[in-house]
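Heads up: the structure comes next, in structure tokens.
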Amino acid sequence: MRNKKTLMLVEGAVMLALSIALSLITPFKKILPFGGSITLVSMLPICLYSIKYGIVNGLAVSFLFALFQFAQGAIQDGLFGWGLTAGMLIACILLDYIVAYTVIGLAGLFRKKGTAGWIAGICLALGLRFLSHFLSGVYVFASTGKIWDDLDFIASNKYIYSAVYNAAYMVPEIALTVIVAVILLKLPQTKKLLLTEE
């Protein structure tokens, strides 16, 4: 029993480290028109960990990932220099970092349903991350701006603007993660690892 707990903790640390390393690889950052970044499937290791060990353990690891993302946002992106009010800053930290990255741990929600459940759980978790960023765009930043020259009605609507802004990086990120997950989950070795009892 103790060995299983140790193995679970070690795997959690490895998957967290892998997610952090992959989050630093952003090959498409310069081509995105509105901002954000597409990483090299950085959320997938935590999704797989959640599928293997359940959502409680998945949420614990994804919360640590959220703290790393927040620290990186504070240091690298200058989060505290954006001129947000105290309330907006707290909402931004919660919606763009803590909630957005912690929900990745929900990927194991349908883990008992086999491959279809695993993919559904991954899609749900990543969709919730998109929703969190979308809500931040609408309620924290409430921003509008120029998107395309002929579509000014989009630019003046904060809901559409937030959806387009966040979809520009989240949709490719979700698609890439799901594609790689499907490929990995077709391998017998991956299935064997994920079906290991807690």
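Remark: the stretch 68-75, residue by residue, has Karplus-estimated 3J(HN,Hα) of 5, 4, 5, 4, 5, x, 5, 8 Hz, where x stands for each Gly or Pro and the curve is 6.51 cos²θ - 1.76 cosθ + 1.60 at θ = phi - 60°. Close lysine pairs were tallied over the stretch 2-194: pairs 8 or more places apart or on different chains with Cα atoms under 22 Å apart number 22.
Taken as Cα centroids, the stretch 64-80 and the stretch 125-140 sit 17 Å apart, rounded to the nearest whole angstrom. The longest part of the chain holding none of the exposed loop chymotrypsin sites (Phe, Trp or Tyr not before Pro), meaning those outside H, G, I, E and B in DSSP with at most 16 other Cβ atoms within 10 Å, is 83-147.
Taking the structure as given and computing log10 I(q)/I(0) by the Debye sum over Cα atoms at q = 0.08, 0.18, 0.19 Å⁻¹, which label from (i) -0.26, -1.35, -1.46; (ii) -0.28, -1.23, -1.33; (iii) -0.38, -1.21, -1.30 fits? So the calculated entry is the one marked (ii). The order of T190, T115, T85, T39, going from fewest to most other C-beta atoms within 10 Å of their C-beta, is T85, T115, T190, T39.
Can you give the calculated 222 nm mean residue ellipticity of the chain, where each DSSP H run of n ≥ 4 adds -39,500 (n - 2.57) and the sum is split over every residue, rounded to the nearest 500 deg cm²/dmol?
Numbers: 9 runs with 125 residues, N = 198.
Helix-only estimate at 222 nm: -20500 deg cm²/dmol.
Cβ-Cβ distance of T115 and T85, R₀ of 41 Å, FRET efficiency by 1/(1 + (r/R0)^6): the value works out to about 0.35.
No value in this document is a laboratory result; all are computed from the given coordinates. Everything numeric here is computed off the predicted structure, so don't read it as measured data. Counting neighbours? That spans all protein chains shown, and the Cβs are built from the backbone with ideal geometry, glycine included.
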